[in-house]
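Novice: Dumping the structure here so I can ask a few things about it.
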Amino acid sequence: MGRPRSRGRGAGAATALLSLLCLLLAACGAPAKPKAPRHALAANPHQGSLLTRPRRPAHHQRRPGPPPPPPSTTTSTTVNPGRLPQTPARPTTDAAFNDRMEALWRGVVKGSVGPAMAAFFPLDAYLQVKAIADPGADWHQRLVAEYAADIQAAHRLLGPHPAQAHLLRVEVPTWQEAWIPPGDCYNRIGYWHVPGSRLLYREGGQLRSFGIASLISWRGAWYVVHLGAVLRPGPGGVVDSPAVGAGAFGPPGGC
């Protein structure tokens, strides 16, 4: 059964009106999207657009801070070994020992105790070792005074041209080393001791030598405590067993 003709004409008119409106909108164009402020968007290829803070005016821009301070230049100081505690470490004739023996030799060549003090047993260590009334006075008035006199005696041994004599080495009879325990020889603490080492030098093309009466240890290092003699025959300096050639090591014993 067919539809009434009046309804067909109404639907056609509505369709025509709708088409006319679409044509008008296409002719005029869609309304443009409002643009965001320039400072509000920042392109980031990884996260899309992110809000950022607006740029500050020029007079509010942060000024660079002060330059970083230069690296600190701390001066390293050498600790006085005599102020450190004693150790039972057995001494060795290492490079530091050779340096101390070179200092001893400089004192002999010059006839002065000053350069040779680096090879001598430290005062602060002696204050720890000795159980006597005034170890400081004993160190200055007896040990250092005898050391200075023995250095002058060895200097005279070198003759009129001491600078022409050259140190070769110092030989230590390690088989004669002995640990001196606390309580022996008026000692509060122990140390290693070796007698009769030999200082070898060359003078005028000839090998010569003399002895070092007593070396004792502090923290694993040898130091001279008696150069010419432990028990002295009288006042004045002593040279321990000078010889042409390497000479002979002194006898064991002592402390």
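Values quoted throughout were computed directly from the atomic coordinates according to the rules given, and no laboratory measurement underlies them. From a predicted model like this one, the values you see are computed outputs, not experimental measurements. Cβ: placed from backbone, ideal geometry, glycine included. Neighbour counts: every protein chain shown.
Novice: Just to check I understand the Karplus step: with θ = phi - 60° and J = 6.51 cos²θ - 1.76 cosθ + 1.60, what whole-Hz values come out for the stretch 172-189, glycine and proline as x?
Specialist: With the stated coefficients, the stretch 172-189 comes to 10, x, 4, 5, 9, 5, 8, 7, 9, x, x, x, 7, 6, 6, 9, 7, 10 Hz.
Novice: Which FRET efficiency value, to the nearest 0.05, do you get for Asp124 and Leu231 by plugging their Cβ-Cβ distance into 1/(1 + (r/R0)^6) with R0 = 22 Å? Show your work: numbers first, answer last.
Specialist: On the way: r = 26 Å, r/R0 = 1.18.
Calculated value: 0.25.
Novice: If I stretch the segment between Val244 and Arg90 completely, what's the gain in nm (0.36 nm per residue apart, minus their alpha carbon distance), one decimal? Could the numbers behind the result be given before it?
Specialist: On the way: separation 154, 0.36 × 154 = 55.44 nm, distance 3.11 nm.
This chain segment gains 52.3 nm when fully extended.
Novice: What is the sum of charges around Pro182, taking Lys and Arg as +1, Asp and Glu as -1, for the other residues whose C-beta is under 12 Å from the C-beta of Pro182?
Specialist: Details: positive: Lys130, Arg188; negative: Asp184.
Summing Lys and Arg as +1 and Asp and Glu as -1 gives +1.
Novice: Taking square-rooted eigenvalues a ≥ b ≥ c of the alpha carbon gyration tensor, is the stretch 82-244 rounded, prolate or oblate, where a/c under 1.5 means rounded and, failing that, a/b exceeding b/c means prolate? Provide the component values of the computation, followed by the final result.
Specialist: Details: a/c = 1.95, a/b = 1.53, b/c = 1.27.
Prolate, because a/c is 1.5 or more and a/b exceeds b/c.
Novice: Count charges around Gly159 for me, please; just the other residues with Cβ under 14 Å from its Cβ, Lys/Arg as +1, Asp/Glu as -1. Display every interim value, and only then the final one.
Specialist: Working: positive: Arg156, Arg202, Arg208; negative: Glu203.
Counting the neighbours of Gly159, the net charge comes to +2.
Novice: Right, another one. Sort Ser214, Ser241 so that the residue with the fewest other Cβ atoms within 10 Å of its own Cβ comes first and the one with the most comes last.
Specialist: Details: Ser214 22, Ser241 17.
Fewest to most other Cβ atoms nearby, the residues stand as Ser241, Ser214.
Novice: Give me the percent relative contact order of the stretch 82-244, please, defined on Cα pairs under 8 angstrom at least 6 residues apart. Walk me through the intermediate numbers first.
Specialist: Numbers: 315 pairs, mean separation 43.5, N = 163.
Reported as a whole number, the value is 27 percent.
Novice: Which of the peptides 171-177, 201-207, 122-128 is most tightly packed, and how do the rest follow, judged by the mean count of other Cβ atoms within 10 Å per residue?
Specialist: Values: 171-177: 15.4, 201-207: 12.7, 122-128: 18.9.
Ranking the peptides 171-177, 201-207, 122-128 by packing returns 122-128, 171-177, 201-207.
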